[in-house]
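Below: the structure, in structure tokens.
The values are calculated or read from the model by the stated rules, or taken from the named source; none is laboratory data. Fair warning: this is a prediction, and the values are worked out from it, not measured in the lab. With ideal geometry, Cβ positions are generated from the backbone for all residues, glycine too; neighbour counts draw on all protein chains shown. Keep in mind that these areas ignore ligands, DNA and RNA; they rest on the heavy atoms of the full protein, side chains included. Shrake-Rupley method; radii C 1.70, N 1.55, O 1.52, S 1.80 Å.
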Amino acid sequence: MESNSRETRQVNSGRTTLIFVRHAVAELQVGESEDAERPLSSRGLEQIPRLLESLQVYRVQYIYASDTRRAAQTANEIGKVLDLTIRLLPALREVCS
């Protein structure tokens, strides 16, 4: 059996798998608006179904997301389909150095 097959990923009992997902495409920042408030663009909303397809092979139990608008929107769309509550954490915001 191929080690990366769907069956293998679903049977990994006793293991914790972290799946990192970048938010879908967001609107461009306009003027002085705060970066954290940028919503998903129409293109970003179109990306959600493909993202959900790729997550179907995993047994997602928890969803944690940054509290930025675009990350929260992406997580909420995933949570709706998977029937999971989203936990928004400011500590997950990107850090610019």
Check: In this structure, is Q61 under 18 Å from E37 (Cβ atoms), touching a residue at least 12 places away in the same chain (Cβ under 8 Å) and of a type in the set (S, T, N, Q)?
Finding: no
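Considering S13, S66, S3, S42, which residue is among the polar types (S, T, N, Q), modelled with pLDDT of 90 or more and open to solvent by 70 Å² or more (accessible area, probe 1.4 Å)? If you could, list the steps in order and put the result at the bottom.
Values: S13 fails: modelled with pLDDT of 90 or more; S66 fails: open to solvent by 70 Å² or more (accessible area, probe 1.4 Å); S3 fails: modelled with pLDDT of 90 or more.
Every option except S42 fails the conditions.
Got a number for residues in segment 63-78 being in a helix (DSSP H, G or I) and not acidic (D, E)? Give the derivation first.
Step one: of segment 63-78, the residues in a helix (DSSP H, G or I) are 69-78.
With the extra rule that they be not acidic (D, E), the set shrinks to 69-76, 78.
Going through segment 63-78 one residue at a time, the tally reaches 9.
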Checklist line | Selection within segment 45-63 - touching a Leu at 6+ places or on another chain (Cβ under 6 Å) and at pLDDT below 95 | finding: V60
